[in-house]
1. (1) closer than 23 Å to T29 by Cβ; (2) in a helix (DSSP H, G or I); (3) modelled with pLDDT of 80 or more; (4) open to solvent by 80 Å² or more (accessible area, probe 1.4 Å): which one isn't true of V159, the others all being true?
2. Output the residues belonging to region 1-43 that are touching a Lys or Arg at 6+ places or on another chain (Cβ under 9 Å), over 17 Å from R92 (Cα atoms) and open to solvent by less than 90 Å² (accessible area, probe 1.4 Å).
3. Considering only residues that are of a type in the set (A, V, I, L, M), part of a helix (DSSP H, G or I) and open to solvent by 40 Å² or more (accessible area, probe 1.4 Å), which ones fall in region 84-108?
4. Would you be able to say whether some residue in region 70-82 is open to solvent by less than 50 Å² (accessible area, probe 1.4 Å) and part of a loop (DSSP other than H, G, I, E, B)?
5. Check off (1) closer than 20 Å to A160 by Cβ; (2) of a type outside the set (D, E); (3) surrounded by fewer than 16 Cβ atoms within 10 Å (Cβ to Cβ) for S57 and give me the number that stays unchecked.
6. Looking at region 95-130 only, could you name the residues that are over 25 Å from Q165 (Cβ atoms) and either among the charged types (D, E, K, R) or touching a Leu at 6+ places or on another chain (Cβ under 9 Å) (or both)?
7. Which condition number does L154 fail, the rest of (1) closer than 21 Å to D19 by Cβ; (2) touching a helix residue (DSSP H, G or I) at 6+ places or on another chain (Cβ under 9 Å); (3) hydrophobic (A, V, I, L, M, F, W, C) being met?
8. Identify the residue in region 44-54 that is over 15 Å from W74 (Cα atoms) and either open to solvent by 40 Å² or more (accessible area, probe 1.4 Å) or not small (G, A, S) (or both) and, among all such residues, is modelled with the lowest pLDDT.
Amino acid sequence: MTTTRLTRYDRSMLRLMNDPRGRPLYATTTRRRLVVAAHVALSVAIGALTAYFSLSSTEPMWAVVAAAVLMLPWMVATGVINGATRGLLELRERALDERQSAERRRVLARAHRAMTSLLLAAVVGLLTAGAADGDALRVHAAPVLAAVLAAHWLMPLWVAGFTAQDEPTEAETAAL
């Protein structure tokens with residue numbers, strides 16, 4: 001930890017992010033990666049439903065209701081990933097030790113590289129769609145930009161959850 005004093009908020013977030021009651025949900029690499037995959041799938045589904053609602057000429061309310069219903073498991077998955085990473089991206093820098101700060105920088109660098117690739121794919125896709133149909137750019141640009149913005153916001157969380165290491169077992173800790 002740094003020499004800066006932690007606020008009451010910092011201490012409560014540290015307790016929350018290190019609460020052992022959620023460990024069974026993310027105890028193994030496979031479980032963490034399944035939660036990240038579920039989070040990605042839920043994010044895509046919510047985004048697709050929102051795009052369908054905004055692009056549809058009939059404005060189907062079922063899409064809004066379905067997206068709202070999917071938000072609850074999405075929020076639970078977000079909490080599980082934050083617990084698995086011990087709040088790596090949610091805690092303030094002053095609440096992290098040197099190892100966690102280095103891990104945060106590594107995760108953010110990987111997420112940045114992944115987002116660069118995603119942005120390139122979005123630009124190429126939009127330009128290709130625009131070349132094929134001049135009206136496609138006008139229709140699809142806003143949903144694609146919203147999807148890329150959501151991915152930009154969530155990519156560090158996904159990378160952190162996907163690359164989180166297993167906790168040492170009690171036998172490994174005792175051997176040290």
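1. Of (1) closer than 23 Å to T29 by Cβ; (2) in a helix (DSSP H, G or I); (3) modelled with pLDDT of 80 or more; (4) open to solvent by 80 Å² or more (accessible area, probe 1.4 Å), only one is false for V159: (4).
2. P24, Y26, listed by residue number.
3. A102, L108
4. The answer is no, given that none of the residues of region 70-82 is open to solvent by less than 50 Å² (accessible area, probe 1.4 Å) and part of a loop (DSSP other than H, G, I, E, B).
5. With (1) closer than 20 Å to A160 by Cβ; (2) of a type outside the set (D, E); (3) surrounded by fewer than 16 Cβ atoms within 10 Å (Cβ to Cβ) applied to S57, the lone miss is (1).
6. A122, L126, L127, A129, G130
7. (1)
8. Within region 44-54, the first condition is being over 15 Å from W74 (Cα atoms), and the residues that meet it are 51-54.
Keeping just the survivors that are either open to solvent by 40 Å² or more (accessible area, probe 1.4 Å) or not small (G, A, S) (or both) gives 52-54.
Details: Y52: 88, F53: 87, S54: 82.
The extreme case among them is S54.
The values are calculated or read from the model by the stated rules, or taken from the named source; none is laboratory data. Predicted model only: the values in this text are computed from it and were never measured. Backbone-built Cβ (ideal geometry, glycine too); neighbour counts: all protein chains shown. What goes into the accessible areas is simple: the full protein's heavy atoms, side chains included, and nothing from ligands, DNA or RNA. Shrake-Rupley method; radii C 1.70, N 1.55, O 1.52, S 1.80 Å.
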